[in-house]
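Trainee: Sending over a structure as structure tokens; questions will come in a sec.
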Amino acid sequence: YGIYSDFDFQLTEQCNVFFGLRYSEDEKDFSWQVSQTQFADVRPSVGNILFPARDELMQSKSWSKTTGRIGTGYIINEDHMVFASVATGYKAGGFDSLNSPHDPSNGEVLIDPDTGNVFDMSFAPEESLNFELGYKGFLFKEVTTTLAVFHNVLDDKQTSRESKQPGQAQALPTIVNEDWVIDGLELGMNWTVTDTFSTGFVTEVRSTDKTTDAFYNSSGELIETGTSKSDTNTMYTLMVDWMPDIGTGFTTLHVDYVFRENDKSSVIGAPEWVNDIPGYFDDEKLLNARLSWINDDENIEIGLWGKNLLDNRYTGIAGGRTQDILGTGYVSVNKGLEAGIDIQYSF
């Protein structure tokens, strides 16, 4: 359930202020039951393998939070303005679907020794606090600019990790909470070179401090609470737009080049075997393009497009669900070069 309201007041022709509040309440019910399989009829002595058979167990929990934002904008003149804002955010907690409240060796319900209650399967909600200060305007007559600096505090970020806890048959996806503090700068510029040609870029530079709660990694090793720091994490996109006059209709060519700096080295508790994955720590570089034509009546559009034109291949975050017992770690790989044509008719 949620209720919110947002207000924007124009104090003068040059200055406005805005603020808003939201109240959120989330209640979640979770049940866990494992029935006895018939595996043993086919293969004697083989049971449920991952989880012992167990009766249904149910847990419920609720979370609530009031969040808000407040900010202002000031128009210096028709070409320049500045703005500032403070905002808080919230994401409800939940239940680990595979984080069983039972002893893996015998299926008995685990009791928390500190509270005397059944083992709590829930994980904490996320909360954030963000400060932003920025500028928008014409740096030069043909050059528009957006600049913003920000400070973001993110508590209990919900991160999924492959975790093999004591007595567990294999690693399973488990939520591990992390605290992040991010300081960064965003800059975007667009230069209208001619009436038919423009170019620009958007870039972000950030520094991130992470604190990760203690957890068991995919090899069953206990990773104590630790911290990491990413001093430079850079991303940028270069863009070119051209509208050539071919005598009929409207033709547009858009090309963008995307660069993302790899930050996998800042992941706390990553197992050693990921270092052997070819290209695992490579930065990402993607070139994309689209050429489209619209007829004079503007009801037919034909587009020719290509993604990852350089055919660069990159890996995602490695998974180790069966690495410890079978030696079969895995990782996703992005799509290679893609190309296509689309036709749109409007009536």
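Trainee: Taking the stated definitions as given, is ILE277 β-branched (Val, Ile, Thr), open to solvent by 90 Å² or more (accessible area, probe 1.4 Å) and either farther than 26 Å from THR159 by Cα or out of contact with any His (no Cβ under 8 Å at 6 or more places or on another chain) (or both)?
Mentor: Judged against the criteria, ILE277 is not a match.
Trainee: Which of the residues that make up region 6-37 are in a strand (DSSP E or B), over 24 Å from LYS61 (Cβ atoms) and open to solvent by less than 50 Å² (accessible area, probe 1.4 Å)?
Mentor: Matches in region 6-37: CYS15, ASN16, VAL17, PHE18, GLY20.
Trainee: Could we say that ASP209 is within 22 Å of the chain's Cα centre (by Cα), at pLDDT 95 or above and either small (Gly, Ala, Ser) or closer than 28 Å to GLY134 by Cα (or both) here?
Mentor: no
Trainee: If I ask for residues that are assigned to a loop (DSSP other than H, G, I, E, B), touching a helix residue (DSSP H, G or I) at 6+ places or on another chain (Cβ under 8 Å) and not hydroxyl-bearing (Ser, Thr, Tyr), which ones from region 193-225 would you list?
Mentor: GLY220
Trainee: Hey, another quick one. Of the residues GLY320, GLY306, GLY249, which is open to solvent by less than 50 Å² (accessible area, probe 1.4 Å) and at positive phi?
Mentor: Details: GLY320 fails: at positive phi; GLY306 fails: at positive phi.
Every option except GLY249 fails the conditions.
Trainee: Next question, about the same structure. Taking interchain pairs and intrachain pairs at least six residues apart, which have beta carbon atoms under 8 angstrom, with the first residue in region 272-283 and without any contact (Cβ under 8 Å) to a residue 24 or more places away in the chain and the second β-branched (Val, Ile, Thr) and part of a helix (DSSP H, G or I)?
Mentor: Between residues of region 272-283 that are without any contact (Cβ under 8 Å) to a residue 24 or more places away in the chain and residues that are β-branched (Val, Ile, Thr) and part of a helix (DSSP H, G or I), there is no close pair.
Trainee: Among the residues of region 313-330, are any of a type in the set (Val, Ile, Thr), under 30 Å from PRO166 (Cα atoms) and part of a strand (DSSP E or B)? Before the answer, list the steps.
Mentor: Initial filter on region 313-330 (of a type in the set (Val, Ile, Thr)): 315, 317, 322, 325, 328.
Filter once more, keeping what is under 30 Å from PRO166 (Cα atoms): 315, 317, 322, 325, 328.
If we keep only those that are part of a strand (DSSP E or B) as well, we get 315.
For region 313-330, residues of a type in the set (Val, Ile, Thr), under 30 Å from PRO166 (Cα atoms) and part of a strand (DSSP E or B): present.
The values are calculated or read from the model by the stated rules, or taken from the named source; none is laboratory data. This is a predicted model, so every value here is computed, not measured. Heads up, the Cβs are rebuilt from the backbone with ideal geometry, glycines too, and the neighbour counts pull from every protein chain shown. Heads up: the accessible areas ignore ligands, DNA and RNA and are worked out on the full protein's heavy atoms, side chains in. Shrake-Rupley method; radii C 1.70, N 1.55, O 1.52, S 1.80 Å.
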